[in-house]
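The block underneath contains the structure these notes are about, expressed in C-alpha cells.
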Amino acid sequence: HFLMRAEAVVVFPGGFGTLDELFETLTLIQTGRMERVPVVLFGEGFWREIVNWEALAEAGTIAREDLELFRFVETADEAIAAIDGWEGAGERRRAVPGR
C-alpha cells in the first residue's frame with residue numbers, strides 16, 4: 001500500500017477518488033494502523049466548503065484532536081514549512097535527502 005511508505009501526504013482539490021484516498025489516509029492514521037505523517041491539504045477554502053470539519057467534531061463523529069491530523073496550505077512554500085515543522089510525524093522523514 002503506497003500510504004505505508006509515504007513520508008507525507010499532500011492532497012489537492014479533487015473528486016470522489018481524491019476524497020476516498022484522503023479519508024482512507026486519515027482513518028489509518030486516526031486508528032493507529034499507519035505511522036502519523038504530515039497530511040497537507042491545498043486550498044483551505046475548497047476543503048472547508050466540501051467538508052464541515054467542525055460539524056464532525058461537534059457531532060462527536062470524530063474527536064476534536066482529529067482536526068490536528070492535517071493542515072491547510074495555499075502555497076508550495078507553506079506546504080514545505082508544514083511538512084518540515086510537523087509535530088508527531090515519524091522519525092524516518094529525517095532521512096529524506098535534502099530535508
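List of remarks:
- Highest mean first, the peptides 61-67, 37-43 sorted by other C-beta atoms within 10 Å per residue fall in the order 37-43, 61-67.
- Counting only alpha carbon atoms, the long axis of helix 16-30 and the longest principal axis of the chain meet at about 70°.
- Amide hydrogen proximity for V9: with H placed 1.01 Å from N in the peptide plane, the residues at 5 or more positions away or on another chain lying under 5 Å are V39, V40.
- From phi via Karplus (6.51, -1.76, 1.60), per-residue ³J(HN,Hα) for region 49-65 in Hz, x at Gly/Pro: 6, 8, 10, 8, 4, 4, 4, 4, 5, 5, 7, x, 7, 9, 7, 4, 5
Read-outs throughout are calculated quantities, based only on the coordinates presented, and are distinct from any laboratory measurement. Computed from a prediction, not measured in an experiment: that's the story for all the values here. Neighbour counts are summed over all protein chains in view; Cβ atoms, including those assigned to glycine, are modelled from backbone coordinates with ideal geometry.
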